[in-house]
Amino acid sequence: MCGMGNTLSQEDISPAELDALWREPPYGLGGTNEHFPGNNIMTQGEEEDGPIGDSGEGEEHESYWKKKEAFLRGSKVSVGEKFSSEIVLRFTGRRRSGDNPDQSLQEALRTRLRVVESNSKDITQLFQDLSARLVSVHAEKDIFVLTFKTVEEIWKFSTYLSLGFVARCLENFLCDQSFWLDTELLRDLEINVTVDEEHLATLYLGLLLQEGSFFAKALFTRSEEDEDNEEQLSFKKNDLLIVRDTGKDDVWEGTMLATGNHGQVPVHAMQPLPYPFYQWFLRKYPGQAGCSPVEKELFESSIVTGSCEAIVDYSPAGPDELQLSQGDRVEIQGLLMRGLSVFIGRHTSTGRSGFVHRAHVKPLNAKPLDRQLVFLTEEEKASLAQVNPYSSEPSDSCLLERLFSSDISSVYRLDRLDEADFMYIRNRPKHDFQGFSSARQSLMSNRSDGTTQNQSSIASPRVSLYHSLNPLPREGERLSFNLEDTFKELDEFQEDPPLFMEENSWEGEKSELSDPTLALLNHEHFQDEFLPLYDLHCSFLWMTFGEKTENELSGHLESVRECAKRLGMHWAHRRACFVLGRLCARKLKFSQARVYYEEALSVGVNGFSDVPLLVALFTNLTAIYLKQRMTDKLPQILEKASALILCLPCHAFMSSDEVELLKLLLRRAVVLGDKLLEARVCYLISSLYLVLKKTEDTLPFFERLQFLSATLSATEGGPIEPLDLNWLLSWLYHRKYMPYLALASLSLDSREDHSLCDAFQRIELFIRNSVRLNPCWKEGTSLLPAQIVVYLQQALAVAEQGDDIKMQRDLCLGLALTYQQYGALDKAVCCAQQAVETGSHINEEDGFEASVLLGWLLVLTGQAERAQSILEPLLTSLQSTDSPTQQGVIHNLLALGLRHRGRVREAGWHLHSALEISRESGNQRNQALALANLGCLALDSGANLLAERFLVRSLCLFLDLWESPTDEEHVQVYLWLGQSYKDRGKSQDIRACYEMGLLIALHARNLHSQMVVAKLLSVLYAEMLLYCQSIVYYEHCVSVSRELKDKRREGEYLEKLSSLYLSLNTEKSSRKSLDYTKQSLRISIDLGKREEESETWLQVGRIYYLIQEDELADMYLQAAVKTALRMNDPHFALSIYEEAGDVYFKGHRNRMASEIFYRDGSLPFARSIKDVHSEFRLLSKLTELLMNQREQEEALQYATLAVQIANQTGK
């Protein structure tokens, strides 16, 4: 895949550099310089995570905010310095093999941009996807001018820029289709984009000020002793606050994010929080962070594993904490995170697990996470890589059949008589693009015993994200959170519950001890069947007691709780309280649920014997404390709940309300500036939203996670492999209907552990979003996007690592057909050859189609002899089989190859054999094609009458096939018949044939066929001097060219129309000719064709002279000359100068205006290149011109020079 870099200010921008941009922006509040200070431009590292110190003495901070009003009026940092609300995005193309930009690639991109610039809707949509507003496009300068209206837009655009999406979107948008077909070129070329980083930060600051309130960071410490009055707020350096404008120049209103304290703050002490993501998140999810900076930090790394040593004696405050004596060794269970005051440890002496306060221990054998992981464990990274957003797996064979259905082995192929005339009429596959969802089948069902996607058996207490049930709904599926539907779905996938209840098994006190529910819930340790009891939906209850109402179930569980409490069955007591709390929370009875949860935690058991239950209790109770704002109880449980969620790998979510706790932890990470904590929280929030099917909410956190992963990978040093979430992002963008971003992120997916199923899902996702950008493909009127070649090659590389030979062959065939559609026949031959070689390892029937396709491609490439060597053995092998149609196909292809070799008699015999086989089998289409090929053979041999007989019989058969997909073949036969009539001078019959062909093409909505036939009709009517009819058909050609977005052909047809209108020789027609010529001129400029541009300028000048507007004529003629001079081609400049002079010289007005073109232009060029013939001709024209003006003396000088040249040349 062609890579690309994103750059800021002439250098490649990486996520780490953009991280530095937001971390230390160029709008520091110390405004000593008029411009942004050079030592403060987004390059300094963020403050160390250690103790936060006070600012130095004498440090002055000039109030930037005093200038805010002037800033909003349009000034930069300093008053009077203007700044633009627009920003320039520049793109450059370069080769990896060289250091300098590639001029040929740059010109190709520039030309492409000029072409698409005329359709502003496409470019506008592209930048809307990129969260930017397009102001203007300047193709000659290789720039886009953009602007932003909100902080959120800048945040998203800068994220897309750093993740490579902007450059990749431009690559997909600007690169021609042929670019994707050249593998070597694809690997070597890349597109870079650049913006001005300082100006981007300036725009960000301006938008923050316009919004009135924002989050800011304290630049220095302000203690209570420094306060002049009680309204002043004390803060420390790097504290985060939300700041609001009070209308005063030097004092604003501030609220501490960590503590919620409120008061006045001096504006010169505040710096806007640099990351736009933080501004968005803190504004959308307001709340406190519930933390304060640690004075002394013993652990150097943010996330560590290993062991530590107790530095104090500690008596636990609860049964779930470890008792410590100084010097005790504690093994870290999972992770220890510096952003949390508690972690989970195991006492090495007693073997007991419990909560440990980080302040009570010091590192002993602590080590950071592996540098390849940074903030995820190996299990978490593996499970995240396996997340499959599809709710079902598509069948690879089904997908290939839909995309590349070929009838090469059953339908005859039509010959091609004239390559120039019929290059647009080809056999194109008809794409019946049904919804992929309805056509999907399981890939594994074809190769295994039908393993289902969702496994009901759970091997471990914790389930990775990969095992979550249907993380994302299918496209078009309405999200439903109805509990009855949810549990109905769960019933389909879960095994029968281990517990079977009798109708009256829980009635009466005598049955208490034998109650199976009581016995089951009283297991001391975790059991696999308990996990559904703790999951998001508490599905265990509904599978077990599905026939009972909620009230009946609550009553039964209440009796179980009372009985367990009375009998001292502590685990049953704890679990019954937990389930009762879940039921109350479902009814929104949060206070009652809180009482049950608190009672469950108070039961005296070793909670770490059932870790999932402990996690579920703490997270659910913390969620209720947050919901009810119980600030007195929250600190006691918050840290432990946070440790259970963040520190234990592969967290299994127990409550949808966990997201509130995670948001609080993300605010804490912002306050502490802990990027690793932030990344881990983003990972968990994203995972939870995926499980809850809230795809819209998960996207910002996945984007931030991808950004942080790349940033941390670059800043940590060493060979760190960033987390690649592009596959998930591409699906999320697809769900949000952002096709440009979906394709960009999909192409950036760098994972190397793809399965074949993954590869086909990538192809499906690519096709879905390509259809959104090119809806005409959905109707089957356009080719597949050439970029599909990239994904087919990736799938082939994966298939070649396995032993599925048939799949390898099918992929090679798909590649061959794609290359054939785009005219890359040499590449198509190579792929077909590979398909034949691969198919040789399986049975002959499977390899037949590949061999036939290879033979057909060899015929198309003029390798008829080689095609014959492949096809004749196939024909021989079919003699002993009952496959007449396939024999006919081979006979037909052999005939086409023999005609190209001039062996007409043998070709006729094979075509006759093919015709007889099709008649015997009753295949009307193949009969029509065989007759058409016989007509083509006769026409090529000069036997026109015989050709017409074959072609007419073929057309009669095609008329019976009107509704079948034969329109291109039908049109082709009419054109051949018309050509035969033309050779015999039957003009009326020619018109009838061509017009019938056009009607068929119009009925089939085949734009390519319409263009070919309309062009032939235009030429025919022009030869018959019926210019008005010719104009009608050329105008249709122009219309079709615009639908196909073929600028080159549109320009050609506009020139033809201009000539035709000019030939009508009326003032109105001349004006119309002028209009078409100007349109053609614009296209020549867009395509960068200087020679055609100069000639078109010249033609406009001629027309203005004809309609007697001499001033405009002179202006356009001068423009033609200037364009020619820029080409540095003296021969071309000479011709343009002379033709410009001829406009006046051959006219009847102002003939002397030609003198300057001849004397000062053409003549010097003719002498410089020693073109004596042109020099003689120009001297003769000047002599005649001056004689007519009665300037005999000067005319004599030119005449003398002309005679001298004639004597030298002997003429």
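To keep it simple, each residue is scored yes or no on (1) in contact (Cβ under 8 Å) with a residue 12 or more places away in the chain; (2) surrounded by fewer than 22 Cβ atoms within 10 Å (Cβ to Cβ); (3) under 28 Å from Arg352 (Cα atoms); (4) β-branched (Val, Ile, Thr).
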position	(1), (2), (3), (4)
Glu562	no, yes, no, no
Glu599	yes, yes, yes, no
Gly604	yes, yes, yes, no
Phe608	yes, yes, yes, no
Leu613	yes, no, yes, no
Leu617	yes, no, yes, no
Asn620	yes, no, yes, no
Ala623	yes, no, yes, no
Thr631	no, yes, no, yes
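So if I check each of Ile242, Ile344, which one is more than 41 Å from the chain's Cα centre (by Cα) and in a strand (DSSP E or B)?
Sole residue among the options that is more than 41 Å from the chain's Cα centre (by Cα) and in a strand (DSSP E or B): Ile344.
Collect the residues in region 1178-1200 that are part of a helix (DSSP H, G or I) and more than 15 Å from Asp1142 (Cα to Cα), keeping them in residue-number order.
Met1187, Asn1188, Gln1192, Glu1193, Glu1194, Ala1195, Leu1196, Gln1197, Tyr1198, Ala1199, Thr1200 - these are the residues of region 1178-1200 that are part of a helix (DSSP H, G or I) and more than 15 Å from Asp1142 (Cα to Cα).
Looking only at residues that are over 14 Å from Ser1030 (Cβ atoms) and hydroxyl-bearing (Ser, Thr, Tyr) in region 1061-1075, which one is modelled with the highest pLDDT?
Out of the qualifying residues, it is Ser1070.
Could you please give the count of residues in region 1130-1150 that are exposed (fewer than 15 other Cβ atoms within 10 Å of the Cβ) and in contact (Cβ under 8 Å) with a residue 24 or more places away in the chain?
So the count comes out to 3.
Here is a check on your reading of the model: is Tyr791 over 29 Å from Pro884 (Cα atoms), touching a residue at least 40 places away in the same chain (Cβ under 8 Å) and not small (Gly, Ala, Ser)?
So Tyr791 does not fit the description; no.
Quick test for you: out of Ser391, Ser410, pick the one residue that is at pLDDT 70 or above, part of a loop (DSSP other than H, G, I, E, B) and of a type outside the set (A, V, I, L, M, F, W, C).
Every option except Ser410 fails the conditions.
Quick check on region 154-172. Is at least one of its residues surrounded by fewer than 20 Cβ atoms within 10 Å (Cβ to Cβ) and hydrophobic (A, V, I, L, M, F, W, C)?
Within region 154-172, not a single residue is surrounded by fewer than 20 Cβ atoms within 10 Å (Cβ to Cβ) and hydrophobic (A, V, I, L, M, F, W, C).
For Ser1063, indicate whether it is touching a helix residue (DSSP H, G or I) at 6+ places or on another chain (Cβ under 8 Å), polar (S, T, N, Q), free of Cβ contacts under 8 Å to residues at least 12 places away in the same chain and more than 30 Å from Arg112 (Cβ to Cβ).
no
I need a count of the residues in region 358-388 that are modelled with pLDDT of 80 or more and β-branched (Val, Ile, Thr).
Counting residues in region 358-388 that are modelled with pLDDT of 80 or more and β-branched (Val, Ile, Thr) gives 1.
Hey, among the residues in region 139-153 that are among the acidic types (Asp, Glu) and touching a helix residue (DSSP H, G or I) at 6+ places or on another chain (Cβ under 8 Å), which one's surrounded by the fewest Cβ atoms within 10 Å (Cβ to Cβ)?
Here the answer is Glu140.
Looking at Ala1153, is it surrounded by 18 or more Cβ atoms within 10 Å (Cβ to Cβ), touching a residue at least 40 places away in the same chain (Cβ under 8 Å) and within 59 Å of the chain's Cα centre (by Cα)?
Yes; evaluated as a whole, the condition is true for this residue.
Cβ contacts < 9 Å: first residue among the charged types (D, E, K, R), restricted to region 971-999; second residue surrounded by fewer than 16 Cβ atoms within 10 Å (Cβ to Cβ), any location; separation 6+ or different chain. Result?
Final answer for the pair search is Asp983/Gly942; Arg984/Leu945; Arg991/Met1024.
If you check Asp697 against the conditions, is it of a type in the set (Asp, Glu), surrounded by fewer than 22 Cβ atoms within 10 Å (Cβ to Cβ) and either without any contact (Cβ under 8 Å) to a residue 12 or more places away in the chain or part of a helix (DSSP H, G or I) (or both)?
yes
Might you let me know whether region 1165-1177 holds any residue that is among the basic types (Lys, Arg), part of a helix (DSSP H, G or I) and over 28 Å from Thr1077 (Cβ atoms)?
Looking through region 1165-1177, at least one residue is among the basic types (Lys, Arg), part of a helix (DSSP H, G or I) and over 28 Å from Thr1077 (Cβ atoms).
Looking at region 289-306, can you tell me whether even one residue there is at pLDDT 85 or above, surrounded by fewer than 22 Cβ atoms within 10 Å (Cβ to Cβ) and part of a loop (DSSP other than H, G, I, E, B)?
There is at least one residue in region 289-306 that is at pLDDT 85 or above, surrounded by fewer than 22 Cβ atoms within 10 Å (Cβ to Cβ) and part of a loop (DSSP other than H, G, I, E, B).
Matching residues to (1) crowded, with 17+ Cβ neighbours inside 10 Å; (2) more than 39 Å from the chain's Cα centre (by Cα); (3) without any contact (Cβ under 8 Å) to a residue 40 or more places away in the chain; (4) within 21 Å of Gly1141 (Cα to Cα):
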site	(1), (2), (3), (4)
Glu1067	no, yes, no, no
Arg1071	no, yes, yes, no
Asp1075	no, yes, yes, no
Ile1085	yes, no, no, no
Lys1089	no, no, yes, no
Glu1095	yes, yes, no, yes
Ile1107	no, yes, no, yes
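If a residue has to be buried (at least 21 other Cβ atoms within 10 Å of the Cβ) and closer than 16 Å to Met1011 by Cβ to count, how many in region 979-996 make the cut?
Number satisfying all stated conditions: 1.
Which helices (runs of 4 or more DSSP H) sit wholly inside region 1019-1107 and have at least 3 residues that are outside the structural domain of Ala1120 (by TED's automatic domain parsing) and aromatic (Phe, Trp, Tyr)?
1027-1043
On the basis of being in a strand (DSSP E or B), among the small types (Gly, Ala, Ser) and either in contact with an Asp or Glu (Cβ under 9 Å, 6 or more places away or on another chain) or surrounded by fewer than 23 Cβ atoms within 10 Å (Cβ to Cβ) (or both), does Ser136 make the cut?
Yes: the conditions hold for Ser136.
So for region 662-675 (the condition being closer than 21 Å to Asp320 by Cβ, touching a helix residue (DSSP H, G or I) at 6+ places or on another chain (Cβ under 7 Å) and crowded, with 24+ Cβ neighbours inside 10 Å), does at least one residue qualify?
Yes.
On the basis of being part of a helix (DSSP H, G or I), touching a residue at least 40 places away in the same chain (Cβ under 8 Å), of a type in the set (D, E, K, R) and farther than 19 Å from Pro516 by Cβ, does Arg575 make the cut?
When the stated conditions are applied, Arg575 does not pass them.
Count, please, the residues in region 633-653 that happen to be without any contact (Cβ under 8 Å) to a residue 60 or more places away in the chain, crowded, with 19+ Cβ neighbours inside 10 Å and not in a helix (DSSP H, G or I).
Total meeting the criteria: 0.
Any idea which of Ala679, Ala714, Ala759 is under 21 Å from Leu336 (Cβ atoms), at pLDDT below 90 and part of a helix (DSSP H, G or I)?
From the options Ala679, Ala714, Ala759, the qualifying one is Ala679.
Out of region 1044-1053, which residues are of a type outside the set (Phe, Trp, Tyr) and surrounded by 16 or more Cβ atoms within 10 Å (Cβ to Cβ)?
Within region 1044-1053, Leu1044, Asp1046, Lys1047, Arg1049, Glu1050, Gly1051, Glu1052 qualify.
The values are calculated or read from the model by the stated rules, or taken from the named source; none is laboratory data. Just so you know, these numbers come straight off a predicted model, no measurement behind them. No Cβ is skipped: glycine too gets one built from the backbone with ideal geometry, and neighbour counts run over all protein chains shown.
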